[in-house]
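Participant: The structure is given below, and queries will be raised subsequently.
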Amino acid sequence: MVLLFLATMLLTVLCAQMVLSETVKLTMAHWMFPRSAAYKEGIEEAIASFRAKYPNVEIELLVPGTSNDPFIQGIKTWYVAGNSPDIIGVDAVKMQSFWPDGILLDLNPFIEKDPSFRFNMIYPWTWEGMVFNGKRYGVPREVYHRELFLNNDLFAEGGVSIPSNDWTWNEFVDYARKLTRDTDGDATPDIWGWQSAYTNLYFLHAWGGSFYIDNGRKVGLLMPEAIEAFEQLLALEREMRVAPTAAQEKAAGGTTAMTQNSKIAIFHADIYSIPSNTYSFDYTLRLFPIAKQRAVSSFVNGFGISSASKHPELAWAFLSHLLSADVLYETFVKRDYVSPFHDVNSRGIFPSSNDKIRQQIMFGLNATTVNEHGELVIGPMENATMVRNELNTTIREGKEPVRQVMERLMPVLQANLDEFRSSYFVNP
């Protein structure tokens with residue numbers, strides 16, 4: 001028996017050596033390759049260092065599409081034709097399209113057998129939207145994090161001090177009122193305390209609400225907490241008049257132009273506007289104010305391995321290399337990206353920024369309570385799109401009150417959710 005075991009082990013080693021003695025080609029698909037030179041260069045640098053260890057492995061970069069639908073359809077077409085990439089870029093939307101069709105492998109077995117994978121260094125919330133029925137169909141690689149940007153110049157001009165991260169909703173409203181000013185005497189504000197923001201739904205959590213409740217089985221938008229969240233946000237524009245209306249935004253060239261031209265004192269933005277030097281003024285970052293609880297939003301992109309890959313172990317070996325601390329820092333974080341690993345980010349994110357900004361971002365990443373995409377992927381993405389559209393049109397224009405709109409939408413939203421769960425989940 002011992003001889004048989006040793007012979008089997010020797011055969012396994014010889015087979016492995018035989019595979020790597022010949023050229024092995026892996027393919028890797030991501031929508032960012034043509035959209036960001038820095039992103040692609042980082043991947044290519046990681047491939048080069050991987051090939052130093054595995055010289056007989058080639059990795060080809062593929063792009064089936066640069067936006068959601070073309071990328072998803074391209075991957076599915078290749079998969080059906082038997083030409084699936086070995087490694088596939090994923091986010092919550094794409095994950096929702098891939099894993100139910102069996103396109104992605106469960107990565108738990110690879111992670112469990114890989115002692116170099118620093119599981120305890122990953123922000124726990126980054127797994128939301130990548131784990132279904134206990135199976136990990138992707139590993140996170142890049143983090144997208146949102147905070148409030150406070151225009152320091154407008155705060156100084158208004159004689160208002162910078163708040164702490166523990167500011168409450170009432171304090172935020174008071175700040176917004178003090179910062180809203182009419183500078184030319186025409187009885188209409190020229191400087192606004194707050195932007196009108198209805199596209200990001202994580203603010204529901206600040207009032208204790210959630211898009212989905214009962215372990216994802218029900219739409220939660222008729223709960224009192226959700227209705228209050230929508231009404232409070234809307235009141236900033238309507239009753240308190242500390243945020244511009246849609247017509248005022250349009251006349252000023254849109255929200256982006258208003259923030260860049262120092263017309264809005266407090267606004268919501270992704271941290272990737274920092275290294276791109278989007279704003280010419282000094283600013284301070286702060287978390288969303290506490291209403292009934294803390295709500296801090298982030299989301300992630302990552303990679304999965306195709307179930308049709310002929311070399312899944314080798315594909316994981318590359319992903320493990322890509323996510324190793326040194327490689328991730330040198331090829332990714334140094335290029336002004338933020339990783340899902342605390343230890344890598346601690347080396348210094350956004351090198352061109354200053355210590356206060358970096359410290360605030362690190363604080364926000366550790367304080368994140370909502371993986372916005374991870375929560376929304378519990379149900380069909382068209383539900384979130386439908387609600388955002390109603391918020392930006394019917395509700396914002398005052399055509400219907402919030403509760404009436406949600407009551408009208410609820411049958412459709414719940415039917416969509418029920419169909420989604422019955423199709424995708426083992427225990428709907």
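Values in this text are rule-based calculations from the coordinates and carry no lab data. Computed from a prediction, not measured in an experiment: that's the story for all the values here. Here Cβ is always computed from backbone atoms with ideal geometry, including for glycine, and neighbour counts include all displayed protein chains.
Participant: Report ³J(HN,Hα) in whole Hz for each residue of segment 163-174, in order, from the Karplus equation J = 6.51 cos²θ - 1.76 cosθ + 1.60 where θ = phi - 60°; Gly and Pro get x.
Facilitator: After applying 6.51 cos²θ - 1.76 cosθ + 1.60, I find x, 8, 5, 9, 5, 8, 4, 4, 5, 4, 4, 4 Hz.
Participant: Would any residue of segment 284-312 have its amide N under 14 Å from a label point 7 Å out along Cα→Cβ of Ser161? List them or say none.
Facilitator: Under cut-off, by backbone N: nothing.
Participant: Still on this structure, I have one more. For the chain, what proportion of DSSP beta bridges, expressed in % and rounded to the nearest 5, is antiparallel?
Facilitator: 65 percent
Participant: Taking 22 Å as R0, compute the FRET efficiency from the Cβ-Cβ separation of His311 and Gln73 and round it to 0.05.
Facilitator: Result of the calculation: an efficiency of 0.35.
Participant: Same structure again: Computed over the Cα atoms of segment 198-344, what is the convex hull's projected area averaged over all directions, in nm²?
Facilitator: With the hull built on Cα positions only, its mean projection is 13.3 nm².
Participant: Here is a further query. Under the rule of at least 5 residues apart or a separate chain, name every residue whose amide H is placed under 5 Å from the amide H of Val24.
Facilitator: Val57, Glu58
Participant: While we're looking at this one, here's another question. With a sphere of radius 13 Å drawn around the Cβ of Glu231, what net charge do the other residues whose Cβ falls strictly inside it have (Lys, Arg +1; Asp, Glu -1)?
Facilitator: Charge balance near Glu231 sits at -2.
Participant: Now, a different point. Does segment 267-420 come out rounded, prolate or oblate, given a ≥ b ≥ c as the square roots of the eigenvalues of its C-alpha gyration tensor, rounded meaning a/c under 1.5 and, failing that, prolate meaning a/b above b/c?
Facilitator: Because a/c hits 1.5 or more and a/b fails to exceed b/c, segment 267-420 counts as oblate.
Participant: Would you mind checking segment 300-314 for residues with the amide N under 15 Å from a putative spin-label position 7 Å along Cα→C-beta of Lys135?
Facilitator: Taking a point 7 Å out along Cα→Cβ of Lys135, the residues of segment 300-314 whose backbone N falls under 15 Å are 304-309.
Participant: Give the long-range amide H neighbours of Tyr144: residues separated by 5 or more places, or on another chain, with amide H under 5 Å away, using H modelled in the peptide plane at 1.01 Å from N.
Facilitator: Phe299, Val300, Asn301
Participant: Still on this structure, please answer the following. Quick check on the chain: helices-only [θ] at 222 nm, where DSSP H runs of length 4 and up contribute -39,500 (n - 2.57) each and the sum goes over total residues. Nearest 500, please.
Facilitator: The helix contribution divided over the chain gives -12500 deg cm²/dmol.
Participant: Estimate the FRET efficiency between Lys292 and Asn200 by the formula 1/(1 + (r/R0)^6), using the beta-carbon distance for r and 22 Å for R0, to the nearest 0.05.
Facilitator: FRET efficiency, Lys292 to Asn200: 0.80.
Participant: Along each of its three principal axes, how wide is the spread of alpha-carbon positions in the chain, in whole angstrom units, largest first?
Facilitator: 90, 49, 35
Participant: Okay, moving on. Can you compute the modelled spin-label distance between Lys53 and Lys399, with each label point 7 Å from Cα toward Cβ, in nm?
Facilitator: It is 5.6 nm.
Participant: What relative contact order, as a whole-number percentage, does segment 267-392 give when Cα pairs under 8 Å and 6 or more residues apart are counted?
Facilitator: Answer for segment 267-392 is 31 percent.
Participant: Follow-up. For segment 148-293, give the magnitude of the charge dipole about the Cα centre (Cβ charges: +1 Lys/Arg, -1 Asp/Glu; no others), in debye to the nearest 20.
Facilitator: With only Lys, Arg, Asp and Glu charged at Cβ, the dipole is about 340 debye.
Participant: Work out from phi, with θ = phi - 60° and the Karplus expression 6.51 cos²θ - 1.76 cosθ + 1.60, the ³J(HN,Hα) of each residue of segment 277-294, listed in order in whole Hz, and give x for Gly and Pro.
Facilitator: Residue by residue, segment 277-294 yields 6, 5, 10, 8, 9, 6, 9, 10, 9, 9, 6, 4, x, 7, 8, 9, 7, 6 Hz.
Participant: Which of Ser210, Leu154, Ile111 sits farthest toward the positive end of the charge dipole of the chain, with +1 on the Cβ of Lys and Arg and -1 on the Cβ of Asp and Glu?
Facilitator: It is Ile111.
Participant: Taking the Cα of Ala251, stepping 7 Å toward and past its beta carbon, and measuring to each backbone N in segment 179-208: which are under 11 Å?
Facilitator: 186-190
Participant: How large is ³J(HN,Hα), in whole Hz, for each residue of segment 93-100 in order, when computed from phi with the Karplus curve 6.51 cos²θ - 1.76 cosθ + 1.60 and θ = phi - 60°, using x for Gly and Pro?
Facilitator: Karplus values, whole Hz, x for Gly and Pro: 5, 5, 4, 4, 7, 8, 5, x.
Participant: Going through the cross-link list Lys76/Lys399; Lys25/Lys113; Lys53/Lys113; Lys40/Lys218; Lys40/Lys76; Lys218/Lys263, which pairs have a Cα-Cα distance over 31 Å in this structure?
Facilitator: Lys76/Lys399; Lys40/Lys218; Lys218/Lys263
Participant: Could you tell me the distance between the Cα centroids of segment 248-291 and segment 299-344, to the nearest Å?
Facilitator: 31 Å
Participant: Can you compute the modelled spin-label distance between Glu239 and Met32, with each label point 7 Å from Cα toward Cβ, in nm?
Facilitator: 4.2 nm
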